[in-house]
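Working notes, beginning with the structure itself.
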Amino acid sequence: MDIRQFFFKYRSYTPIPILLLIIYHSGPTPPYILNQYIKIMDSAYAPFYIDNKMIGLALIALGEFIRISAVRYAGGATRTRNVGAPFLCTSGPYSVTRNPLYCGNLIIYIGTAFFAGGIWMWHILPLVAIFFIFQYYHIISLEEETLKIKFKDQYKLYFENVPQLFPRFSPWKSGNQTKPKNLTSTIKTEKRTLQNIFFIAFIIMFKKQIIFIGGFILWQSVGRLYNLGFLPEFLALFVQNHILK
């Protein structure tokens with residue numbers, strides 16, 4: 001299988017190892033130079049602080065805003081399993097970058113790494129960026145190849161005037177003017193992404209409690225299975241001494 005086809009087909013699942021890495025290493029972040037609390041004074045000279053979690057939340061919100069804006073114009077076609085599109089969308093965010101969804105995704109994942117924090121945060125951040133740039137490079141290459149064949153001169157003109165990822169300063173006006181969909185239907189289309197964001201944020205925030213509850217349930221289950229004779233003694237001891245220790 002072409003590696004581009006692989007990344008496109010499984011693009012919803014390939015980030016899972018990265019997310020597990022982020023969650024596993026999440027925790028308090030040591031005060032490295034770039035992560036020290038940034039002290040900002042308001043008009044009343046009362047200080048407030050911005051830490052890595054606030055930066056992460058801001059980036060996640062920005063990335064999701066970009067995604068919602070893109071889905072309003074492109075619709076449910078963004079979740080297709082087939083390479084290509086039913087029409088060439090060049091309005092809204094697509095008038096400043098050809099791939100606003102991927103821009104939004106990259107910002108969301110970087111924001112998630114910031115939000116998770118941990119002593120390895122500054123090592124994980126470049127890993128996240130490199131992984132998604134590598135993946136989207138191949139996906140975009142495949143999509144562009146398909147769109148050039150399907151839309152011919154229309155896509156060529158769009159390709160020449162709108163950048164691949166880094167947005168242009170002003171919207172391109174020469175493309176088709178697609179009317180944006182209403183926000184309610186857009187949120188329904190984007191529901192799965194929003195659910196994933198809240199689910200991952202919940203796990204990061206309550207990781208210790210989840211591990212404690214999970215460990216307690218496992219400990220109780222091992223004890224019951226051992227008492228009922230369904231679990232060998234050596235296996236019960238292994239779980240208690242090495243997994244639950």
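Could you check Glu143 against (1) surrounded by 15 or more Cβ atoms within 10 Å (Cβ to Cβ); (2) not in a helix (DSSP H, G or I) and say which number it fails?
Result: Glu143 fails condition (2) only.
Which members of segment 111-125 meet the condition of being of a type in the set (A, V, I, L, M, F, W, C) and surrounded by fewer than 21 Cβ atoms within 10 Å (Cβ to Cβ)?
Hits for segment 111-125 are Ile119, Trp120, Trp122, Leu125.
Scan segment 83-111 for residues that are within 29 Å of Ala201 (Cβ to Cβ) and either assigned to a helix (DSSP H, G or I) or in contact with a Gly (Cβ under 8 Å, 6 or more places away or on another chain) (or both) and report the count.
Residues that pass the stated criteria total 15.
Condition first: out of contact with any Lys or Arg (no Cβ under 8 Å at 6 or more places or on another chain), over 30 Å from Ser174 (Cβ atoms) and modelled with pLDDT under 90. Can you find one or more residues in segment 57-70 that meet it?
No, there is no match, as no residue in segment 57-70 is out of contact with any Lys or Arg (no Cβ under 8 Å at 6 or more places or on another chain), over 30 Å from Ser174 (Cβ atoms) and modelled with pLDDT under 90.
Contact list please: Cβ distance under 7 Å, first residue in segment 1-26 and at pLDDT 90 or above, second residue polar (S, T, N, Q), pairs at least six apart or on different chains.
If the second residue must be polar (S, T, N, Q), the pairs left are Thr14/Gln135; Ile22/Thr112.
Please state which of the following conditions Ser170 fails to meet, knowing it meets all the rest: (1) farther than 14 Å from Cys89 by Cα; (2) hydroxyl-bearing (Ser, Thr, Tyr); (3) part of a helix (DSSP H, G or I).
So the condition that Ser170 fails would be (3).
Of Gly84, Gly118, Gly76, which residue is modelled with pLDDT under 95 and in contact with a strand residue (DSSP E or B) (Cβ under 7 Å, 6 or more places away or on another chain)?
Result of the check over Gly84, Gly118, Gly76: Gly118.
Would you pick out the residues in segment 112-127 that are under 16 Å from the mean Cα position of the chain (by Cα) and either part of a loop (DSSP other than H, G, I, E, B) or on the phi > 0 side of the Ramachandran plot (or both)?
Listed by number, the list holds a single entry, Gly117.
The values are calculated or read from the model by the stated rules, or taken from the named source; none is laboratory data. Computed from a predicted model, the values in this text were never measured in an experiment. Backbone-built Cβ (ideal geometry, glycine too); neighbour counts: all protein chains shown.
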